[in-house]
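Notes follow once the structure below has been shown.
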């Protein structure tokens, strides 16, 4: 981002609210990681029960383990990053904006809470050129 691109500043109350949402979202995702680790064997048994009529169930079971591990790691990264971004936004740190943007992009795969919070964060924190704002309204700068 160049220095001549102004960022539309949102009020301090919005930053506090967004920081609180990201902190809560981070805690929820970290609890989800703990649940995924605790119930991993149950998920494997349930998926394995579906593979009784498949010609090569071992290959599909390997794919299941890979996807389950990737989803667990994604939840861990999103949870930790969301929690840290929320604390940074609440504390008024400069790094809070960047962390929240990264967390927003990574959390877009989580339906419905991640999509809602991610889109709201992207809409609030991404830079907007003032010329684009005035050209939409028909006025010139």
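Computed from the coordinates by the stated procedures, all read-outs in this text should not be read as laboratory data. Keep in mind that this is a model prediction, so the values were computed, not measured. Every residue, glycine among them, receives a Cβ derived from its backbone with ideal geometry; neighbour counts consider all protein chains shown.
Does region 73-94 contain at least one residue that is within 15 Å of the chain's Cα centre (by Cα), surrounded by fewer than 14 Cβ atoms within 10 Å (Cβ to Cβ) and either more than 18 Å from residue 113 (Cα to Cα) or without any contact (Cβ under 8 Å) to a residue 40 or more places away in the chain (or both)? Yes, region 73-94 has at least one match. Test residue 31 against the stated conditions and say whether it is assigned to a helix (DSSP H, G or I), out of contact with any strand residue (DSSP E or B) (no Cβ under 9 Å at 6 or more places or on another chain) and under 20 Å from residue 111 (Cα atoms). Yes; evaluated as a whole, the condition is true for this residue.
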